[in-house]
Amino acid sequence: MQRITDKIYQISLAGVNAFLIDDNGLTLVDTGFKNNTDKIFSAIKTGGKNPEDIKQIILTHCHLDHTGSVAEIKRRLGVPIYAHSIDADLIEQGIAGRQPFHISPGIMNWLLFNILIKPTGNTIEPVNIDERLKDNDIIPIAGGIQVIHTPGHSDGHISLLLRSEGVLIAADICANVVGLGLSVLYEDPKLCVSSIMKTASFDFDKAVFGHGKLLAGQASKRLREKFS
């Protein structure tokens with residue numbers, strides 16, 4: 001695990017990141033692809049923590065690289081699952097996104113979609129969502145996690161603002177793989193920049209992403225400058 005702050009850790013899986021919040025037990029944000037459960041638990045143990053201390057899982061959206069292992073983890077731990085109400089319906093049906101997906105400009109995005117993403121299909125193991133979130137909800141963890149509804153990549157996509165930590169868990173509103181840029185795909189590309197700018201209107205020093213590396217130092221300002 002990569003330590004982001006005293007309470008937030010990034011778990012790097014195969015091509016996607018999950019996150020761990022350590023406050024009154026553990027909160028797991030996203031679960032990677034199918035069969036990532038053991039990798040996640042191993043990373044948590046290596047970081048000196050106990051996976052059995054996970055108290056809840058927050059899903060940022062329905063796509064299979066973020067929800068692939070959620071059903072398995074819930075079976076093992078019996079913990080509640082949180083997701084935005086819009087994507088909750090798809091997750092409960094085992095649907096991993098609204099097609100057709102729209103690929104962002106650039107040959108690299110086209111290659112990534114057609115070689116790595118498209119062959120994985122569009123289904124996940126269904127799981128019941130226990131807590132349906134909406135914009136501006138506050139989850140009482142780590143001083144209060146603010147839910148920011150950020151549609152575009154997915155209709156029910158959320159980002160999570162941890163004000164007390166100065167961190168935005170941006171998920172897939174954009175990526176930071178070789179610098180800040182758009183995510184590989186969007187369900188509604190017309191909404192992507194407005195959702196990025198919505199999050200960037202808040203004040204946070206660090207941002208972490210579903211794909212790519214930590215953005216540290218005046219992160220909200222850097223997002224505004226990049227996408228305005």
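Numerical summary
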| item | result |
| --- | --- |
| Identity of the residue in the range 186-228, closer than 15 Å to HIS153 by Cβ and part of a loop (DSSP other than H, G, I, E, B), that ends up nearest to the chain's Cα centre (by Cα) | GLY210 |
| Complete set of residues in the range 8-63 that are within 13 Å of the chain's Cα centre (by Cα), assigned to a loop (DSSP other than H, G, I, E, B) and not polar (S, T, N, Q) | LEU13, GLY15, VAL16, ASP30, GLY32, PHE33, LEU59, HIS61, CYS62, HIS63 |
| Listing of helices (runs of 4 or more DSSP H) fully contained in the range 64-105 that carry 3 or more residues being free of Cβ contacts under 8 Å to residues at least 40 places away in the same chain | 70-77, 85-93 |
| Which numbered condition ALA175 fails, given (1) more than 25 Å from LEU116 (Cα to Cα); (2) under 14 Å from the mean Cα position of the chain (by Cα) | (1) |
| ASN136 over 19 Å from ASP155 (Cα atoms), out of contact with any Cys (no Cβ under 8 Å at 6 or more places or on another chain) and of a type in the set (S, T, N, Q) | no |
| Condition met for ASP155 (under 24 Å from ARG132 (Cα atoms), among the acidic types (Asp, Glu) and at pLDDT 95 or above) | yes |
| Which numbered condition MET108 fails, given (1) in contact (Cβ under 8 Å) with a residue 12 or more places away in the chain; (2) out of contact with any strand residue (DSSP E or B) (no Cβ under 9 Å at 6 or more places or on another chain); (3) hydrophobic (A, V, I, L, M, F, W, C) | (1) |
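The values are calculated or read from the model by the stated rules, or taken from the named source; none is laboratory data. Here the structure is a predicted model, which is why all the values come from computation and not from measurement. Heads up, the Cβs are rebuilt from the backbone with ideal geometry, glycines too, and the neighbour counts pull from every protein chain shown.
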